[in-house]
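A.B. asks: Quick one: structure below, then a few questions.
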Amino acid sequence: MIEIFTTGGTIDKVYFDALSEFQIGPTTLPDILAENNVHAPHRVTQLMRKDSLELTEEDRAAIHAAVAESDAERILITHGTDTMVETGKALKDVEGKTVVLTGALQPARIRNSDAHFNVGFAFAAVQALSAGIYVAMNGQIFDPSTTRKDREAGRFVAS
């Protein structure tokens, strides 16, 4: 069983109308997995609906608690890209589990989003990697302790 925790971030942003800005909506994960014919046993739990820049230390503690208390050994977390690495670092003391964080640079509801690819890549990675904490973005696996988001390039890089 793969446990999937969603926390919000760009992957779940919704544009409501011409007078609105993007807001975090209901998670897109069940739809992404169904549309891509994923049948591996999994469950999806939405922990929060926040932009990652708005995540607090209490939010990271809640994510940590959910991961630590989960009976699953393989956990996928969707997360905003701006502070994904910080959350990965906050999980470094979790042992005996494979935890993969992923997200998107464009909302999943937008046609040219990287969300579907990143979710599929992370879903495969969480099944194949050994125990540890990882970031899976745009076809690469990173160690959060040596990774940063390069905002200018729009990608993650080893630092």
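A.B. asks: Can you confirm whether LYS149 is within 19 Å of ALA68 (Cβ to Cβ) and either touching a residue at least 40 places away in the same chain (Cβ under 8 Å) or in a loop (DSSP other than H, G, I, E, B) (or both)? Steps first, please.
C.D. replies: Numbers: within 19 Å of ALA68 (Cβ to Cβ): no; either touching a residue at least 40 places away in the same chain (Cβ under 8 Å) or in a loop (DSSP other than H, G, I, E, B) (or both): yes.
Considered against the rule, which asks whether it is within 19 Å of ALA68 (Cβ to Cβ) and either touching a residue at least 40 places away in the same chain (Cβ under 8 Å) or in a loop (DSSP other than H, G, I, E, B) (or both), LYS149 comes out as no.
A.B. asks: Here is a follow-up. Against the conditions (1) closer than 27 Å to PHE22 by Cβ; (2) part of a strand (DSSP E or B), where does ILE141 fall short? Just the number, please.
C.D. replies: Failed condition: (1).
A.B. asks: Looking only at the range 139-154, how many residues end up being in contact with a Leu (Cβ under 8 Å, 6 or more places away or on another chain), within 17 Å of ALA115 (Cα to Cα) and modelled with pLDDT of 90 or more?
C.D. replies: Here is the first cut: in the range 139-154, the ones in contact with a Leu (Cβ under 8 Å, 6 or more places away or on another chain) are 141, 144, 154.
Imposing the further condition that a residue be within 17 Å of ALA115 (Cα to Cα) reduces the set to 141, 154.
From what's left, modelled with pLDDT of 90 or more: 141.
Matching residues across the range 139-154 total 1.
A.B. asks: Against the condition of a type in the set (D, E, K, R), at negative phi and under 14 Å from the mean Cα position of the chain (by Cα), how does ARG43 come out, does it pass? Steps first, please.
C.D. replies: Working: of a type in the set (D, E, K, R): yes; at negative phi: yes; under 14 Å from the mean Cα position of the chain (by Cα): no.
No: the conditions fail for ARG43.
A.B. asks: Okay, next question. Suppose we filter THR81, THR56, THR45 for residues that are of a type in the set (Ser, Thr, Tyr) and surrounded by 19 or more Cβ atoms within 10 Å (Cβ to Cβ); which single one remains?
C.D. replies: Details: THR56 fails: surrounded by 19 or more Cβ atoms within 10 Å (Cβ to Cβ); THR45 fails: surrounded by 19 or more Cβ atoms within 10 Å (Cβ to Cβ).
The conditions single out THR81.
A.B. asks: Of the residues that sit in the range 94-108 and are hydrophobic (A, V, I, L, M, F, W, C) and buried (at least 24 other Cβ atoms within 10 Å of the Cβ), which one is farthest from LEU53 (Cα to Cα)?
C.D. replies: Going residue by residue through the range 94-108, those that are hydrophobic (A, V, I, L, M, F, W, C) are 94, 99-101, 104-105, 108.
Filter once more, so that each one left must be buried (at least 24 other Cβ atoms within 10 Å of the Cβ): 99-101, 104, 108.
Numbers: VAL99: 21, VAL100: 19, LEU101: 16, ALA104: 14, ALA108: 19 Å.
The extreme case among them is VAL99.
A.B. asks: What is the number of the single condition among (1) of a type in the set (A, V, I, L, M, F, W, C); (2) farther than 14 Å from VAL99 by Cα; (3) not in a helix (DSSP H, G or I) that ILE11 does not meet?
C.D. replies: Failing condition for ILE11: (3).
A.B. asks: For the range 85-93, state whether one or more residues are more than 21 Å from PHE123 (Cβ to Cβ), among the hydroxyl-bearing types (Ser, Thr, Tyr) and surrounded by 16 or more Cβ atoms within 10 Å (Cβ to Cβ).
C.D. replies: We begin by selecting, within the range 85-93, every residue more than 21 Å from PHE123 (Cβ to Cβ); these are 86, 89-90, 92-93.
So of that shortlist, the ones also among the hydroxyl-bearing types (Ser, Thr, Tyr) come out as none.
No: the range 85-93 contains no residue that is more than 21 Å from PHE123 (Cβ to Cβ), among the hydroxyl-bearing types (Ser, Thr, Tyr) and surrounded by 16 or more Cβ atoms within 10 Å (Cβ to Cβ).
A.B. asks: For VAL126, which of the numbered conditions (1) closer than 23 Å to GLU58 by Cα; (2) of a type outside the set (Phe, Trp, Tyr); (3) surrounded by 15 or more Cβ atoms within 10 Å (Cβ to Cβ) fails to hold?
C.D. replies: In the conditions (1) closer than 23 Å to GLU58 by Cα; (2) of a type outside the set (Phe, Trp, Tyr); (3) surrounded by 15 or more Cβ atoms within 10 Å (Cβ to Cβ), VAL126 misses (1) alone.
The values are calculated or read from the model by the stated rules, or taken from the named source; none is laboratory data. Bear in mind the structure is a predicted one, so any value in this text is a computation, not a measurement. Glycine gets a Cβ as well: all are built from the backbone with ideal geometry, and neighbour counts include every protein chain shown.
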